[in-house]
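The values are calculated or read from the model by the stated rules, or taken from the named source; none is laboratory data. As the structure is a prediction and not an experimental result, all values here were calculated from the model. Here the Cβ positions follow ideal geometry from the backbone for every residue, glycine too, while neighbour counts run over all protein chains shown.
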Amino acid sequence: MIRDSEITGRIRQGDEREFESLFRSSYVSLVRYAKTLVKDHDAAEEIVQDLFFRIWKEREKLQIESSLNGYLYRAVHNRCLHYISHNKVVEKYAREMAFNETGSNETPTDILNYRDLQAKIAGIIERLPEKCGKIFCMSRFEGLKYSEIAQKLAISIKTVEANMGRALKEFRKALAEQ
């Protein structure tokens with residue numbers, strides 16, 4: 001039986017067969033697990049596919065200290081939490097937008113511009129690293145202070161500050177490209 005460290009090493013070296021074998025042996029159970037968290041089969045499949053895409057894309061940096069199976073389940077779990085958090089933000093703004101549309105003097109152009117901006121914001125958040133996006137959402141959309149975020153995530157305030165700086169830099173860069 002091949003040990004997890006050997007499988008990881010082979011994948012790190014670009015062994016496509018080993019990677020495909022891992023994908024085929026883990027995919028269905030990981031999708032089932034993700035579906036229990038996100039309650040959406042398509043989203044669950046997308047989360048697992050994205051995980052494997054990122055593993056392959058960043059295979060040379062792959063460092064797994066625990067069991068490979070445990071790593072995959074934890075990664076899916078974290079990605080599902082990020083997906084749920086992101087959807088809550090989108091739903092919140094959709095409700096606010098619906099509320100604003102019913103009693104406002106906004107023109108259809110204003111509404112389209114607002115929706116376009118919402119889509120851009122959501123896209124930028126999706127491109128951020130998982131922890132960075134989560135910290136940004138907690139700060140900007142949930143209104144939490146850096147100290148509250150640090151406490152909830154069991155990280156230092158400096159880590160929160162660094163991630164917020166990174167997120168804001170990405171926002172400035174993406175919005176400047178318009």
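Here residue 35 fits the description: touching a His at 6+ places or on another chain (Cβ under 6 Å) and over 23 Å from residue 129 (Cβ atoms).
Has segment 77-90 got any residue that is part of a helix (DSSP H, G or I) and either acidic (Asp, Glu) or within 16 Å of residue 7 (Cβ to Cβ) (or both)?
Here is the first cut: in segment 77-90, the ones part of a helix (DSSP H, G or I) are 77-90.
Now drop any that are not either acidic (Asp, Glu) or within 16 Å of residue 7 (Cβ to Cβ) (or both), which leaves none.
No - not one qualifying residue is present in segment 77-90.
Taking first residues from segment 128-145 that are farther than 15 Å from residue 156 by Cβ and partners that are of a type in the set (Lys, Arg) and modelled with pLDDT of 85 or more, the Cβ contacts under 7 Å between residues at least 6 apart in sequence or on separate chains come to 130/79. What about residue 122, is it among the small types (Gly, Ala, Ser), in contact with a helix residue (DSSP H, G or I) (Cβ under 8 Å, 6 or more places away or on another chain) and modelled with pLDDT under 85? Yes, satisfied.
If you go through segment 1-29 and keep only what is within 16 Å of residue 69 (Cβ to Cβ) and outside any helix (DSSP H, G or I), you end up with 1, 2, 3.
Among the conditions (1) surrounded by 12 or more Cβ atoms within 10 Å (Cβ to Cβ); (2) without any contact (Cβ under 8 Å) to a residue 40 or more places away in the chain, residue 171 misses just one, which is (2). Among the residues of segment 37-49, those identified as surrounded by 14 or more Cβ atoms within 10 Å (Cβ to Cβ) and not small (Gly, Ala, Ser) are 37, 38, 40, 45, 46, 47, 48, 49.
Are any residues in segment 38-47 within 15 Å of residue 72 (Cα to Cα) and not small (Gly, Ala, Ser), and if so, which ones? Give the derivation first.
The first filter runs over segment 38-47 and keeps only residues within 15 Å of residue 72 (Cα to Cα), leaving 44-47.
Hits for segment 38-47 are 45, 46, 47.
A quick yes/no check of all residues on (1) within 14 Å of the chain's Cα centre (by Cα); (2) under 30 Å from residue 4 (Cβ atoms); (3) charged (D, E, K, R):
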| position | (1), (2), (3) |
| --- | --- |
| 34 | yes, yes, no |
| 43 | yes, yes, no |
| 53 | yes, yes, no |
| 64 | no, yes, no |
| 93 | no, no, no |
| 96 | no, no, yes |
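Could you tell me which of the residues 14, 9 is more than 16 Å from the chain's Cα centre (by Cα), touching a residue at least 40 places away in the same chain (Cβ under 8 Å), surrounded by fewer than 16 Cβ atoms within 10 Å (Cβ to Cβ) and over 22 Å from residue 130 (Cα atoms)?
Values: 9 fails: touching a residue at least 40 places away in the same chain (Cβ under 8 Å).
14 is the lone residue from the list that is more than 16 Å from the chain's Cα centre (by Cα), touching a residue at least 40 places away in the same chain (Cβ under 8 Å), surrounded by fewer than 16 Cβ atoms within 10 Å (Cβ to Cβ) and over 22 Å from residue 130 (Cα atoms).
Return the residues of segment 145-168 that are hydrophobic (A, V, I, L, M, F, W, C), surrounded by fewer than 18 Cβ atoms within 10 Å (Cβ to Cβ) and over 16 Å from the mean Cα position of the chain (by Cα); say none if nothing qualifies. Of everything in segment 145-168, those that are hydrophobic (A, V, I, L, M, F, W, C), surrounded by fewer than 18 Cβ atoms within 10 Å (Cβ to Cβ) and over 16 Å from the mean Cα position of the chain (by Cα) turn out to be 154, 155, 157, 162, 168.
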